[in-house]
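Colleague: Got a structure for you, questions after.
The values are calculated or read from the model by the stated rules, or taken from the named source; none is laboratory data. Computed from a prediction, not measured in an experiment: that's the story for all the values here. Note that we place each Cβ from the backbone using ideal geometry, even for glycine, and neighbour counts take in every protein chain shown.
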Amino acid sequence: MNELAVVDLTDPGFWSNPYPVLAGARSRHPLARGVDGSLIALSFDAVEWVLRDPRFLTTDLLAPRGITEGPIAEWWGQVMFSANPPEHTRLRRLVSRAFTPRAVESLRPRVAQITEDSLDSFHGPTADLVAEFAHELPIRVMAAMLGVPSGDHHRFAAWTADLGLVFSSVHTPELLDRLEAAINGLNQYVAELIADRRAQPGDDMLSGLIAAEADGDALSEAELVAMVENLLFAGHDTTRSMLMIGAALLLSHPDQRALLSNDPSLAAQAVDEILRYEAPVLGSGRDAAEPFDLFGVPVAAGETVTTMSLAANRDPDAFDDPDRFDIRRPGGKLMSFGQGIHYCLGAALARLEGQVAFPMLLARFPGMELAAEPAWVPYASIRRFEQLIVTID
């Protein structure tokens with residue numbers, strides 16, 4: 001058995017182009033190690049195994065980053081994707097009815113209208129697709145679903161975007177101050193929003209969450225605040241990344257752009273290929289509940305294994321010619337939304353937003369071009385650019 005390669009997530013160069021490093025490490029073994037000795041799952045099979053095996057539990061992503069108390073730690077302790085069964089099962093059951101395929105598909109006209117309104121704000125000759133497209137669209141969609149007043153969405157858009165940096169590989173005192181300000185602002189806003197909705201219920205998702213009950217169980221006040229924050233955060237930041245990444249990929253691959261422009265029915269395949277080729281989320285961590293061997297490597301009880309979506313989605317054993325961006329690629333299983341019981345609750349909504357938005361963007365601005373190559377933000381586990389500047393014909 002080959003010795004495990006070492007993948008250095010603290011190297012800024014890794015974040016600008018991780019694929020050669022990941023491919024080299026994956027060719028030696030399905031697993032690698034971080035510079036701290038922790039295990040990283042790289043191959044498609046290894047990532048899927050870790051995400052589906054019930055012997056792996058959700059890890060505390062914040063403690064290794066030095067966040068063990070305070071408002072950020074309290075927030076993380078309440079959000080659904082940090083919980084394990086049976087608590088996770090209970091929370092997911094209470095909220096999942098809002099994300100059924102039928103419920104999500106019913107939002108298509110609303111998403112199209114929001115997209116059209118967002119594109120109307122472009123006034124050229126240049127635009128920043130991060131600020132004016134990727135940032136705006138998902139927060140407006142989630143605000144519409146939750147019944148958030150339209151004038152307020154900019155307030156929590158900044159907070160949720162900042163919170164996405166909590167999973168960065170490197171933390172600074174300045175970043176921690178920024179994160180605490182974001183969660184404090186979001187906590188206060190969401191509590192006020194819930195109080196208003198209790199007084200005046202509507203037909204929105206927030207009213208549904210307040211009224212949600214299953215088998216005589218309902219969300220507590222603290223759980224309700226955390227659930228709304230969970231939805232705002234997850235529904236904004238990762239979709240925001242997918243939209244900016246997808247726009248950059250389509251604009252930098254003229255042949256694929258032309259295919260989608262000429263045949264918008266390829267939108268579903270295009271979105272899945274964007275998610276595969278450049279996964280918006282680096283991966284996630286899982287803790288072993290007991291000792292066992294994983295692909296021939298001993299894993300101790302309590303040891304953390306980090307899954308690497310970027311490596312799994314470009315595994316040549318799972319995808320033909322994986323380093324080629326091809327929106328006609330046949331659909332298949334991806335690791336971009338996770339797998340198993342923590343599979344992303346909002347995956348269908350994120351896909352819908354991309355399926356609607358990308359064809360509309362290309363149709364509205366057929367002469368749009370990248371003004372500069374976008375730069376990846378280093379250490380951001382929810383991958384992003386600060387800007388995506390384009391010229392508009």
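Colleague: How many of the residues making up the stretch 246-285 are under 24 Å from PRO316 (Cα atoms) and outside any helix (DSSP H, G or I)?
Modeller: 9
Colleague: Please go through the stretch 289-298 and pick out each residue that is buried (at least 19 other Cβ atoms within 10 Å of the Cβ) and within 17 Å of ASN84 (Cβ to Cβ).
Modeller: Answer for the stretch 289-298, where residues must be buried (at least 19 other Cβ atoms within 10 Å of the Cβ) and within 17 Å of ASN84 (Cβ to Cβ): there is none.
Colleague: Moving on to the next point. Tell me yes or no: at least one residue of the stretch 352-369 is surrounded by 15 or more Cβ atoms within 10 Å (Cβ to Cβ), at pLDDT 90 or above and in a loop (DSSP other than H, G, I, E, B).
Modeller: Yes, the stretch 352-369 has at least one match.
Colleague: Can you spot a residue in the stretch 26-45 that is more than 30 Å from ALA211 (Cα to Cα), in contact (Cβ under 8 Å) with a residue 24 or more places away in the chain, among the acidic types (Asp, Glu) and touching a Gly at 6+ places or on another chain (Cβ under 8 Å)?
Modeller: no
Colleague: May I pose another question? Among residues belonging to the stretch 207-235 that are within 14 Å of the chain's Cα centre (by Cα) and small (Gly, Ala, Ser), point out the one that is surrounded by the most Cβ atoms within 10 Å (Cβ to Cβ).
Modeller: Per the stated criteria, the residue is GLY235.
Colleague: While we're here: Just a yes or no: is a residue in the stretch 306-327 touching a Ser or Thr at 6+ places or on another chain (Cβ under 8 Å), at negative phi, part of a strand (DSSP E or B) and buried (at least 21 other Cβ atoms within 10 Å of the Cβ)?
Modeller: Scanning the stretch 306-327, I find at least one residue that is touching a Ser or Thr at 6+ places or on another chain (Cβ under 8 Å), at negative phi, part of a strand (DSSP E or B) and buried (at least 21 other Cβ atoms within 10 Å of the Cβ), so the answer is yes.
Colleague: Of the conditions (1) within 29 Å of GLY164 (Cα to Cα); (2) of a type in the set (D, E, K, R); (3) modelled with pLDDT of 95 or more, ASP317 fails just one. Which one is it?
Modeller: Going through the list (1) within 29 Å of GLY164 (Cα to Cα); (2) of a type in the set (D, E, K, R); (3) modelled with pLDDT of 95 or more, ASP317 breaks only (1).
Colleague: For the stretch 236-291, what are the residues that are within 23 Å of ILE341 (Cα to Cα) and more than 16 Å from the chain's Cα centre (by Cα)?
Modeller: ARG286, ASP287, ALA288, ALA289, GLU290, PRO291
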